[in-house]
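Here the structure is laid out as structure tokens; the discussion comes afterwards.
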Amino acid sequence: MTQRDDILQATGPIDEPRYSVERKIAVHAMFETVLNRLDEMQRAPDHWEETCLVHALSFMEAGVYPRARIELDSCIVLAGERPSWREDQMKRNPQRYTVARLRLRLDGVKADVK
């Protein structure tokens, strides 16, 4: 047994269990529900929502669905419950994403699901 084997054995498997296709589809559906809700309210995502949604998309594109789910959970935190320091940081960035643009990226993610 080499030192590398000892390390790997001590830390456990490197790869997290992969999300099944069904679980990936459920995360996509949650993301789409957020977009649908924004459409119903006839508004673009605020800075907080935009940041969380973009991060969720990036994680889905990288195949890291557990982190995407965490970002989606953060996205739906009520405005009064959001950490003010983090929201202030997010407001420094210009808004760039419309619901349509987010939906387009989601369509790309959904097309790559395996």
Quick one: in segment 1-23, of everything that is among the hydroxyl-bearing types (Ser, Thr, Tyr) and either at pLDDT 60 or above or in a helix (DSSP H, G or I) (or both), which residue is surrounded by the fewest Cβ atoms within 10 Å (Cβ to Cβ)?
THR11
In the list ALA26, ALA56, which residue meets the criterion of being surrounded by 15 or more Cβ atoms within 10 Å (Cβ to Cβ), of a type in the set (Gly, Ala, Ser) and part of a helix (DSSP H, G or I)?
ALA56
Report, by residue number, each residue of segment 59-75 that is in a helix (DSSP H, G or I) and closer than 18 Å to LEU104 by Cα.
PHE59, MET60, GLU61, ALA68, LEU72
Checking ASN36 against (1) touching a Lys or Arg at 6+ places or on another chain (Cβ under 7 Å); (2) assigned to a helix (DSSP H, G or I); (3) of a type outside the set (Phe, Trp, Tyr): exactly one of these is not met. Which one?
(1)
Collect the residues in segment 55-97 that are polar (S, T, N, Q) and within 15 Å of THR33 (Cα to Cα), keeping them in residue-number order.
SER74
Pairs only if they're at least six apart or on different chains, beta carbon under 7 angstrom, first in segment 27-56 and farther than 13 Å from ASN93 by Cβ, second surrounded by 18 or more Cβ atoms within 10 Å (Cβ to Cβ) and charged (D, E, K, R); list them, first residue then second.
VAL27/ARG69; ALA56/GLU71
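The values are calculated or read from the model by the stated rules, or taken from the named source; none is laboratory data. Computed from a predicted structure; not experimentally measured. Backbone-built Cβ (ideal geometry, glycine too); neighbour counts: all protein chains shown.
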